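A.B. asks: Structure provided below as structure tokens; questions to follow.
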Amino acid sequence: MNATHDTPLPRSIPEYLERLRESLAGADPALVQDALYDAEEYLRAEMAENPGKSEAEVIASVAGSYGAPDEVADIYRDTEVKVQTALRPPAPKPRKSPWGQFFGVIAEPRTYASLFYMLLSLATGIFYFTWVVTGASLSAGLAVLIIGIPFVILFLGSVRILSLVEGRLVEVMLGERMPRRPLYASRGKPWLERIKEMFTDPRTWGTLLYMLLMMPLGIVYFTIAVTGLTLSLSLIAAPVALMLSGTVLVDGVDLASSSQPWTWPLAIGAGVALLFLTLHIARWVGTLHGMLAKHLLVKSAQYS
Amino acid sequence: MTDLELHLRKFQKELSAGTVSLALLAVLGAASEPMYGYQIAKRLEREGEGVLSGKQSALYPVLRNLGAAGLLDSHVEPSVSGPPRRYYRITDAGRDVLREWAAAWRATRDSVDSVLEGPSA
């Protein structure tokens, strides 16, 4: 498949594993880890079976049975594609009718993930906001002291780690593909250079802005989700409770005496409509927030 | 590599994609104690090259997928030489699946055989 065909066979187990890692470049890290683990297990077992042979000899013979590193990499990639296709839940059928489009939202797992993200965002929003505000003001305050500079660097580093964490949340709950590992663009450079890059990287400042924004956004998301859910569910539940028990007190007002029975079906209808509207809003918020997160947390050049 | 060999290799690869799972389940179903990847590979090698078409590495991802699907149980044990080994054992669900698969395999084999032999039989 690539240049490894021309290069000589690896002569030691670490060399073989390193070659395999190179051949799997770009694959899912979990897959790489699995492949390396399996290969190491097999190679070491083969070594133990043939105590007389040298490591290079064993590996040369293994290349025929287990496979050369690039062949193994291909096998893992192929199997991963097959298995992922087989295990992925079937995509929801695209619904044609307007009714289907409106009510179909209840059957989509993504809806509930978005809803949960909206509820969670109050907590994460407050945390991010506190972290950034505390860190930034302490950085500014300590800037006149000698410990100010390392503090700023530590603070920015922590913000970049938090941005990865938030990326995982966004990917799992909102379905937007986010980076899984930090960029190692600066690996191997002198550390002064790396610190400078942290300051000039627009992603650092985008992340700070995102974390400040998360507080108001989190409050809005949480309010929408809680209000929509409780209002619609109580509209649906109140008439049912009235029918069953005959009297329902809300803040000391008896609903049975203050409402006509003919309004009860209307209340249920309004509740159901509001419930589905809330679910749709959750979907929209999920999509929009995923786009916002991607713009502020991920350098666009990373994908090109 | 000649054209003929390439075709054969491709056919073997496609064939093994489905049959490796069956062969693995069968080996583990017949085994009296848990086996680890290398043992299974060697066991299949003894039976001939057919199933794996010579690539033992192909069975490791399949082992893990069968484990993830609940057809195999696995546990890790430290080994005297090298990294810890993952041992696999067939589950009850795995045995049921193996029975179904074996029946499907025999039906496929018979119908393919009869097609290969032609309508004379």
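A.B. asks: Please work out the FRET efficiency for the pair A:L288 and A:A140, using the Cβ-Cβ distance as r and a Förster radius of 35 Å; give the result to the nearest 0.05.
C.D. replies: 0.60
A.B. asks: Then there is this: With a probe of 1.4 Å, find how much accessible area the protein assembly as shown has per residue, and write the answer as a whole number in Å².
C.D. replies: For the protein assembly as shown, the per-residue accessible area is 59 Å².
A.B. asks: At a Förster radius of 22 Å, what calculated FRET efficiency corresponds to the Cβ-Cβ distance of A:I224 and A:L255, to the nearest 0.05?
C.D. replies: Efficiency, rounded to the nearest 0.05: 0.30.
A.B. asks: Pick out which of A:G67, A:G175, A:G52 has the largest mean-square fluctuation in a Gaussian network model of chain A, springs linking Cα atoms closer than 10 Å.
C.D. replies: A:G52
A.B. asks: Now a separate question. Across chain A, where is the longest run that never hits trypsin sites (Lys or Arg not before Pro) in a DSSP loop with at most 10 other C-beta atoms within 10 Å?
C.D. replies: Longest gap between qualifying sites, sites excluded: A:188-304.
A.B. asks: Taking the C-alpha atoms of chain A, how large are the radius of gyration and the largest Cα-Cα span, Dmax, in Å?
C.D. replies: Values for chain A (Cα only, Rg and Dmax): 28.2, 94 Å.
A.B. asks: Now, a different point. Relative to the longest principal Cα axis of chain B, at what angle does helix B:92-117 sit, 0 to 90 degrees, rounded to 10?
C.D. replies: That works out to roughly 20 degrees.
A.B. asks: List the residues whose amide H sits under 5 Å from the amide H of B:R85, counting only those 5 or more places along or on another chain, with H placed 1.01 Å from N in the peptide plane.
C.D. replies: B:E77, B:S79
A.B. asks: Computed FRET efficiency, Cβ-Cβ of A:K96 and A:L277, R0 22 Å: what is it to the nearest 0.05?
C.D. replies: 0.60
A.B. asks: For chain A, with a Gaussian network of springs between Cα atoms less than 10 Å apart, report the residue from A:G290, A:G206, A:G246 with the top mean-square fluctuation.
C.D. replies: Evaluated over chain A, the most mobile residue of the options is A:G246.
A.B. asks: Turning to a different aspect of this structure: Which chymotrypsin sites (Phe, Trp or Tyr not before Pro) in the stretch A:184-248 sit in a loop by DSSP (not H, G, I, E or B) and have at most 10 other Cβ atoms within 10 Å of their own Cβ?
C.D. replies: A:Y184
A.B. asks: Multiply the residue separation of A:L164 and A:K196 by 0.36 nm, subtract the distance between their alpha-carbon atoms, and state the gained length in nm to one decimal.
C.D. replies: 9.5 nm
A.B. asks: Report the residue, chosen from A:V250, A:V72, A:V132, that carries the largest GNM mean-square fluctuation when chain A is represented by alpha-carbon nodes joined by springs under 10 Å.
C.D. replies: Residue with maximal mean-square fluctuation among A:V250, A:V72, A:V132: A:V250.
A.B. asks: If I ignore ligands, DNA and RNA and count only protein heavy atoms, how much of A:H295 is accessible to a 1.4 Å probe, in Å² to the nearest 10?
C.D. replies: 150 Å²
A.B. asks: Sticking with this one: Could you give the DSSP H helices of chain A that reach 18 angstrom or more along their long axis (alpha carbon positions) and whose average Kyte-Doolittle hydropathy is no lower than 1.0?
C.D. replies: A:109-142, A:148-174, A:202-245, A:263-297
The values are calculated or read from the model by the stated rules, or taken from the named source; none is laboratory data. Computed from a prediction, not measured in an experiment: that's the story for all the values here. Note that each Cβ is placed from the backbone with ideal geometry, even for glycine, and that neighbours are counted across all protein chains shown. Surface areas here come from the heavy atoms of the whole protein model, side chains and all, with no ligands, DNA or RNA. Shrake-Rupley method; radii C 1.70, N 1.55, O 1.52, S 1.80 Å.
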